[in-house]
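The values are calculated or read from the model by the stated rules, or taken from the named source; none is laboratory data. Bear in mind that the values here come from a model prediction, so they are computed numbers and not experimental data. Because the Cβ atoms are built from the backbone with ideal geometry, glycine has one as well, and the counts that use them run over all protein chains shown.
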Amino acid sequence: MNKILLSIFFILSLFFSLGANAQPDDRYFLLHHDSKDSNLRILNSGNAKFYNFHTAPIYVFNYKHEVNQFIDSTASAIPIGFDKIDFSQNSLALISYHGGDCHATFSFKTELNNEAKQFIITVTDHYGGCRAGGKFFTNWALIPKLPYDYNVELRSVFAEDFNK
């Protein structure tokens, strides 16, 4: 009886490990969180199905109570490390972007333009070589606290660099 149970366990383990390898490589899902820009830190997903991004692909929250109200009204995911965020030094942004294919990866770059009073986040969609439809992401991001009269803008760029 023990040999039969052990054999079934081995077969099931082998079956599930083969199935996992047939799925898309996890690095495609992790790379979109990678940001080497010190002015931007991607925290975690914000449950995109709850948000209405018809007016802009970004929401900026300058105070903790604003984030709490938003989370309460949308049943959103709480940003990772939310209790440790110093809102006197940082703001939270909820950014929405999408990929051109199922293996797309993303990189982020920020630019602070003091003359135009703008903080620009550029999301680059790196083509992954897949013909299937793209992915939609909504993520919390930590950005520096900006003066009240600055605009925060999100730009999307497509890079066809499959052979990266």
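For the stretch 140-164, taking the residues that are of a type in the set (Ser, Thr, Tyr) and at pLDDT 90 or above, the one that is nearest to Ser88 (Cα to Cα) is identified as Tyr148. Checking each residue in the stretch 118-139 for being more than 16 Å from Leu92 (Cα to Cα), among the hydrophobic types (A, V, I, L, M, F, W, C) and more than 18 Å from the chain's Cα centre (by Cα) picks out Cys130, Ala132. Does Leu112 count as within 15 Å of the chain's Cα centre (by Cα) and over 14 Å from Phe158 (Cβ atoms)? Considered against the rule, which asks whether it is within 15 Å of the chain's Cα centre (by Cα) and over 14 Å from Phe158 (Cβ atoms), Leu112 comes out as no.
Quick one: which of Gly133, Gly100 is of a type outside the set (Lys, Arg), exposed (fewer than 15 other Cβ atoms within 10 Å of the Cβ) and modelled with pLDDT under 85?
Working: Gly100 fails: exposed (fewer than 15 other Cβ atoms within 10 Å of the Cβ).
Exactly one of Gly133, Gly100 is of a type outside the set (Lys, Arg), exposed (fewer than 15 other Cβ atoms within 10 Å of the Cβ) and modelled with pLDDT under 85, namely Gly133.
Okay, residues lined up against (1) within 20 Å of Ile42 (Cα to Cα); (2) of a type in the set (Val, Ile, Thr); (3) in a loop (DSSP other than H, G, I, E, B):
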{"position": "Asn68", "(1), (2), (3)": "yes, no, no"}
{"position": "Ile71", "(1), (2), (3)": "yes, yes, no"}
{"position": "Ile80", "(1), (2), (3)": "yes, yes, yes"}
{"position": "Ala93", "(1), (2), (3)": "yes, no, no"}
{"position": "His103", "(1), (2), (3)": "yes, no, yes"}
{"position": "Phe106", "(1), (2), (3)": "yes, no, no"}
{"position": "Phe119", "(1), (2), (3)": "yes, no, no"}
{"position": "Phe137", "(1), (2), (3)": "yes, no, no"}
{"position": "Leu146", "(1), (2), (3)": "yes, no, yes"}
